[in-house]
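Data first, discussion second: the structure below is written as structure tokens.
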Amino acid sequence: MKKDYLIWDLPLRLFHWLLVLTFGALWLTAELGSEYMEYHMYCGYFMLFLLGFRVIWGLVGTTHAKFINFFPTLSRVKNYLAPKSSKENNKVAGHNPMGAIMVFLMLSLLLAQAVSGLFITDDVFTSGPYNGVLEGDWQKLANRVHDLGFTLLQAFVALHVAAIIFYKVVKKTNLVKPMFTGKKSSEDVTEASSIKHSKLLIALVVAVLVAVFIYWLVVVNAPVIEEYYYY
Ligand code: HEM
Ligand code: HEM
């Protein structure tokens with residue numbers, strides 16, 4: 001009889017769909033111009049929170065969320081790509097090694113994008129809280145990263161969505177539904193590879209700690225920009 005097993009924990013699923021929404025909001029607020037830059041920064045802080053959470057969740061989360069369990073080592077990639085007999089199949093419960101390459105690239109690019117945002121300015125009304133800390137060429141580099149990083153991200157996101165459509169159309173595998181429900185069918189995964197629960201209490205503690213850290217980073221610790229008043 002067909003059964004469903006839990007593979008993606010709830011915090012990871014929430015992370016993913018909030019990431020999609022926040023990414024869209026960052027894109028929109030950047031396009032709409034300087035009046036919306038304030039909102040761009042708020043969304044950027046939320047993005048930093050999401051990424052901070054994901055990094056820690058990659059260390060202490062459930063089996064398929066842990067980086068160590070899906071890091072695309074050469075042997076994992078080779079094994080995944082090797083031709084299989086009809087009895088074997090190369091279905092992986094969590095991210096397969098090719099998907100994992102994409103996941104690590106996207107997470108790294110998003111981190112670079114969000115961190116560089118802290119240091120830049122639009123030269124009109126809005127500056128990241130650490131703008132002015134970097135000087136000369138470093139400042140330019142942060143701007144380049146924020147600019148070029150976004151172009152790369154757009155390409156990777158397009159590839160990411162294309163890969164998911166490819167899996168659906170060609171491989172007849174729906175990856176999107178499990179990202180909503182967390183569950184995959186016993187036709188694709190074994191009970192042994194499933195997770196028992198979502199470790200919600202640990203996730204809550206991690207979320208609170210990361211939120212406090214981001215608040216400290218962008219509010220408490222942010223350097224005060226000196227202003228000069230003329231009397
Ligand atoms: C509507 C568009 C999108 C859909 C349908 C979608 C769907 C998915 C699915 C199904 C997975 C799991 C893949 C697997 O089974 O290995 C996934 C993972 C992922 N997606 Fe998306 N995605 C979308 C947009 C995005 C965007 C815009 C971003 C980034 C800006 C993104 C970043 C990621 C990341 C980082 C993961 C890995 C999750 C983790 O382990 O942390 N996705 N996505
Ligand atoms: C992953 C997160 C982020 C994404 C996807 C993103 C995306 C973008 C995009 C597409 C632009 C327009 C680039 C251009 O016109 O050259 C932009 C500009 C900007 N972003 Fe972000 N951003 C992110 C995070 C942040 C953060 C955390 C901050 C600051 C706290 C920030 C501050 C700015 C500023 C000040 C500009 C104006 C730069 C300029 O006009 O040259 N961004 N961002």
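What are the pairs with Cβ atoms under 6 angstrom where one residue, in the stretch 143-154, is of a type outside the set (A, V, I, L, M, F, W, C) and the other, located anywhere, is more than 6 Å from ligand 2 (Cβ to nearest atom) and at pLDDT 95 or above? Sequence gap at least six, or different chains.
HIS146/SER116; GLY149/LEU109; GLY149/ALA112
Starting from the stretch 15-32, take each residue that is over 18 Å from ALA211 (Cα atoms) and polar (S, T, N, Q) and list its partners that are more than 9 Å from ligand 2 (Cβ to nearest atom) and open to solvent by 80 Å² or more (accessible area, probe 1.4 Å), counting only C-beta distances under 9 angstrom and pairs at least six apart or across chains.
Partner pairs satisfying both residue conditions: THR29/TYR36; THR29/GLU38; THR29/TYR39.
Taking the stretch 1-51, which residues are at pLDDT 95 or above and among the small types (Gly, Ala, Ser)?
GLY24, ALA25, ALA30, GLY44
Checking ILE68 against (1) over 20 Å from PRO97 (Cβ atoms); (2) modelled with pLDDT of 95 or more; (3) open to solvent by 70 Å² or more (accessible area, probe 1.4 Å): exactly one of these is not met. Which one?
So ILE68 meets the others, but not (1).
Determine, yes or no, whether THR63 is more than 10 Å from ligand 2 (Cβ to nearest atom), touching a residue at least 40 places away in the same chain (Cβ under 8 Å), open to solvent by 30 Å² or more (accessible area, probe 1.4 Å) and polar (S, T, N, Q).
Judged against the criteria, THR63 is a match.
Kindly indicate whether any position in the stretch 95-102 is open to solvent by 20 Å² or more (accessible area, probe 1.4 Å), outside any loop (DSSP other than H, G, I, E, B), within 16 Å of ligand 2 (Cβ to nearest atom) and among the hydrophobic types (A, V, I, L, M, F, W, C).
No, because not a single residue in the stretch 95-102 is open to solvent by 20 Å² or more (accessible area, probe 1.4 Å), outside any loop (DSSP other than H, G, I, E, B), within 16 Å of ligand 2 (Cβ to nearest atom) and among the hydrophobic types (A, V, I, L, M, F, W, C).
Of the conditions (1) among the β-branched types (Val, Ile, Thr); (2) open to solvent by 50 Å² or more (accessible area, probe 1.4 Å); (3) closer than 24 Å to SER186 by Cα, VAL115 fails just one. Which one is it?
(3) is the only condition that VAL115 fails.
Looking at (1) in contact (Cβ under 8 Å) with a residue 60 or more places away in the chain; (2) surrounded by fewer than 21 Cβ atoms within 10 Å (Cβ to Cβ); (3) not hydrophobic (A, V, I, L, M, F, W, C), which is the one condition that is false for ASN79?
Status for ASN79: all satisfied but (1).
State all residues of the stretch 145-182 that are of a type in the set (Lys, Arg) and exposed (fewer than 12 other Cβ atoms within 10 Å of the Cβ); if no residue qualifies, say none.
Across the stretch 145-182, the qualifying residues are LYS171, LYS172.
Among what's in the stretch 12-29 and is within 22 Å of VAL219 (Cβ to Cβ) and more than 10 Å from ligand 1 (Cβ to nearest atom), pick the residue that is surrounded by the fewest Cβ atoms within 10 Å (Cβ to Cβ).
Applying the filter and picking the extreme gives LEU18.
Looking only at the stretch 105-127, decide whether some residue is more than 9 Å from ligand 2 (Cβ to nearest atom), at pLDDT 90 or above and over 17 Å from the mean Cα position of the chain (by Cα).
Checked against the condition, which is being more than 9 Å from ligand 2 (Cβ to nearest atom), at pLDDT 90 or above and over 17 Å from the mean Cα position of the chain (by Cα), the stretch 105-127 yields no hits at all.
Take the stretch 129-165 and flag every residue that is within 17 Å of GLU31 (Cα to Cα) and near ligand 2 (Cβ under 8 Å from one of its atoms).
ASN143, HIS146, ASP147, GLY149, PHE150, LEU153
The values are calculated or read from the model by the stated rules, or taken from the named source; none is laboratory data. Nothing here was measured: the structure is a model prediction, and the numbers come from that model. Methodologically, a virtual Cβ is constructed for each residue, glycine included, from the backbone with ideal geometry; neighbour enumeration extends over all protein chains shown. Just so you know, the surface numbers come from the protein's heavy atoms only, side chains and all, with ligands and any DNA or RNA stripped out. Shrake-Rupley method; radii C 1.70, N 1.55, O 1.52, S 1.80 Å.
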